[in-house]
Amino acid sequence: ADGNNIINETGNTITVGASGDTTNVIGTLNKDGVAVANTPAFEARLSSGHAVANNTWTKINVNTEVYDTDSTYDNSSNYRWTPGVAGKYVIYAQVGFDSMSDQKYVYLALYKNGSQLWTDGTALNQTSAASTLGAAVRGTWSVELGASDYVEMYGYQNNGNSRDASTGWSYFGGYKIVE
C-alpha cells in the first residue's frame, strides 16, 4: 500500500515485506509441507500437597493438566511425559515448599528414562526475623528426546522431616522446539 515490495523473489529466496515491516501469517505456517508448531506440549500443576521425605529424591506427582496437546502426559499413575515424537524439547519445572527453616536446601531434578539428568537448587539464607519461610526452585532445560523417552520431575529437601511440596508453587511442563 505504501509502495514497498510486498513479495519479492530472488533466486530461491522469497522475501515478504521490507525491513522494519511487521509480517502477519494467517493460516498455517509450513516447513517442507509439514505444519510448524511447538507441539507436543503439556503443562501440569500439583493439586494437593505431596510429601517429600527428608534427604530423599522424591518424584513429584504433578496431577492436574493445564493442557496436553497430544495426550502424552500421564497425570494419574506414572506422572511422566512421553512426547511420542522425537526431537529437541524445552522442559521446565518448579517445586516449592512452605515452612522451611533457615540454612536448609531445596533441589529440583529432571529425570530422563529413570535417571537423573539435571538438578537445580537453592539454599535458604534467612534475613528476616521469621522462624520459617517458603522456598522454591525452578529449572528450564533443553533436552533431546526420542519418541518413547520420558521425563519426570523430582524434588528434594533437607528440613529434618517430611515436607509437602506446595500446590501453588509446583508445576511441570514442556514443548517441542521448532527445528
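The values are calculated or read from the model by the stated rules, or taken from the named source; none is laboratory data. For clarity, every value in this text was computed on a predicted model and none was experimentally measured. In this analysis, Cβ positions are derived from the backbone assuming ideal geometry, glycine residues included, and neighbour counts consider all displayed protein chains. Quick note on the areas: whole protein, heavy atoms, side chains included, nothing else; ligands and nucleic acids left out. Shrake-Rupley method; radii C 1.70, N 1.55, O 1.52, S 1.80 Å.
Would you mind stating whether Val66 is touching a strand residue (DSSP E or B) at 6+ places or on another chain (Cβ under 6 Å) and loosely packed, with under 15 Cβ neighbours inside 10 Å? Can you show your working first?
Working: touching a strand residue (DSSP E or B) at 6+ places or on another chain (Cβ under 6 Å): yes; loosely packed, with under 15 Cβ neighbours inside 10 Å: yes.
Criteria met by Val66.
Quick one: in the range 31-45, which of the residues that are modelled with pLDDT of 95 or more and open to solvent by less than 70 Å² (accessible area, probe 1.4 Å) is nearest to Asn161 (Cα to Cα)?
Ala44
Identify all residues within the range 1-18 that are open to solvent by 90 Å² or more (accessible area, probe 1.4 Å), under 40 Å from the mean Cα position of the chain (by Cα) and modelled with pLDDT of 70 or more; write none if there are none.
The answer is Ile7, Glu9, Ile14.
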